[in-house]
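Down below is the structure, laid out as structure tokens.
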Amino acid sequence: MSNEVLHSLLKEYEQKKLKAELDLEKRKKELYEKMPKLQQIEDELNSFAILTAKNILLHNMASIAELKEKSEKLKYEKACILHDAHLPNNYLKPIYECSICKDTGYISKENYKTQMCNCLKQKLLDEAFHKSNIANLEKENFDTFNEKIFSDEIDVAKYRFNISPQENIKNIKQKCLEFIKNFDNPDGKNLLFTGNTGLREDFYVKLYC
């Protein structure tokens with residue numbers, strides 16, 4: 001997978017993250033207009049967070065405990081207001097598509113290291129699959145395969161085989177089906193397709209197994 005594809009996906013992640021945060025601000029604005037008490041609680045909680053950080057630096061454990069107790073009461077009061085308004089507890093938090101990486105594509109590990117989130121890995125796999133020749137399996141499969149697009153004429157001089165391209169492709173299809181049926185057999189052989197592309201009706205494939 002090229003860096004260009006990864007860069008494009010990360011741009012999409014940036015847009016998703018920004019949208020989630022903008023949607024949150026919109027919800028907050030609408031809700032605070034109806035329930036000013038919620039904004040007051042949020043402002044107090046933000047102030048307590050700053051004060052807690054300062055007291056941690058000063059090792060003032062008594063103040064930290066007091067601030068924690070007040071914060072818990074405010075959080076409970078906020079939860080009750082949301083509950084009475086029939087709103088979920090996460091209504092005042094960004095709703096990300098991926099709650100694990102928060103739509104960044106990466107998650108933090110120990111020692112400040114990061115690793116790619118599974119959601120981004122899956123998108124990379126999906127992109128690779130989409131660009132492959134097997135992305136359209138609903139239409140391109142053995143059930144829809146039409147061997148009649150190959151010539152039924154035998155031309156040894158042209159194809160260097162004593163069977164027609166149509167008969168050859170039928171044999172190839174049968175070998176492929178046998179390969180699939182015995183795929184789990186550890187003693188089974190692999191398939192190798194050789195032949196030039198873009199030859200249209202002159203196309204001929206040799207199968208080695």
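The values are calculated or read from the model by the stated rules, or taken from the named source; none is laboratory data. The structure presented is a predicted model; accordingly, all values stated were derived computationally and were not measured. Positions of Cβ are generated from backbone atoms using ideal geometry, with glycine treated the same way; all protein chains shown enter the neighbour counts. Side chains are part of the model used for accessible areas, which takes the heavy atoms of the whole protein and leaves out ligands, DNA and RNA. Shrake-Rupley method; radii C 1.70, N 1.55, O 1.52, S 1.80 Å.
Residue-wise test of (1) free of Cβ contacts under 8 Å to residues at least 24 places away in the same chain; (2) in contact with a strand residue (DSSP E or B) (Cβ under 6 Å, 6 or more places away or on another chain); (3) exposed (fewer than 13 other Cβ atoms within 10 Å of the Cβ); (4) charged (D, E, K, R).
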residue: Met61; (1), (2), (3), (4): yes, no, yes, no
residue: Leu74; (1), (2), (3), (4): no, no, no, no
residue: Tyr91; (1), (2), (3), (4): no, no, no, no
residue: Glu110; (1), (2), (3), (4): yes, no, yes, yes
residue: Lys121; (1), (2), (3), (4): yes, no, yes, yes
residue: Asn141; (1), (2), (3), (4): yes, no, yes, no
residue: Thr144; (1), (2), (3), (4): yes, no, yes, no
residue: Ile169; (1), (2), (3), (4): no, no, no, no
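For the stretch 12-24, the candidate set comprises residues that are without any contact (Cβ under 8 Å) to a residue 40 or more places away in the chain and open to solvent by less than 100 Å² (accessible area, probe 1.4 Å); within that set, the residue that is nearest to Glu127 (Cα to Cα) is Glu12.
For residues that are surrounded by fewer than 10 Cβ atoms within 10 Å (Cβ to Cβ) and basic (Lys, Arg), scanning just the stretch 146-165, find the one that is nearest to the chain's Cα centre (by Cα). Break it down into steps so the answer makes sense when it comes.
Step one: list which residues in the stretch 146-165 are surrounded by fewer than 10 Cβ atoms within 10 Å (Cβ to Cβ), which gives 146, 148, 156-157, 160, 162.
So of that shortlist, the ones also basic (Lys, Arg) come out as 148, 160.
On the way: Lys148: 39, Arg160: 48 Å.
Only one residue tops the list, namely Lys148.
What do you reckon, is Ile95 β-branched (Val, Ile, Thr) and within 30 Å of Leu6 (Cβ to Cβ)? Spelling it out, Ile95 is indeed β-branched (Val, Ile, Thr) and within 30 Å of Leu6 (Cβ to Cβ).
Evaluate the stretch 59-72: report whether one residue or more is within 21 Å of Lys28 (Cα to Cα) and in a helix (DSSP H, G or I). So far as the stretch 59-72 goes, yes, one or more of its residues are within 21 Å of Lys28 (Cα to Cα) and in a helix (DSSP H, G or I). Being among the acidic types (Asp, Glu) and under 22 Å from Cys80 (Cβ atoms) is a description that applies to Asp43.
Considered as a group, the residues in the stretch 1-47 that are in a helix (DSSP H, G or I) and among the hydroxyl-bearing types (Ser, Thr, Tyr) include one that is farthest from Pro88 (Cα to Cα), and that residue is Ser8.
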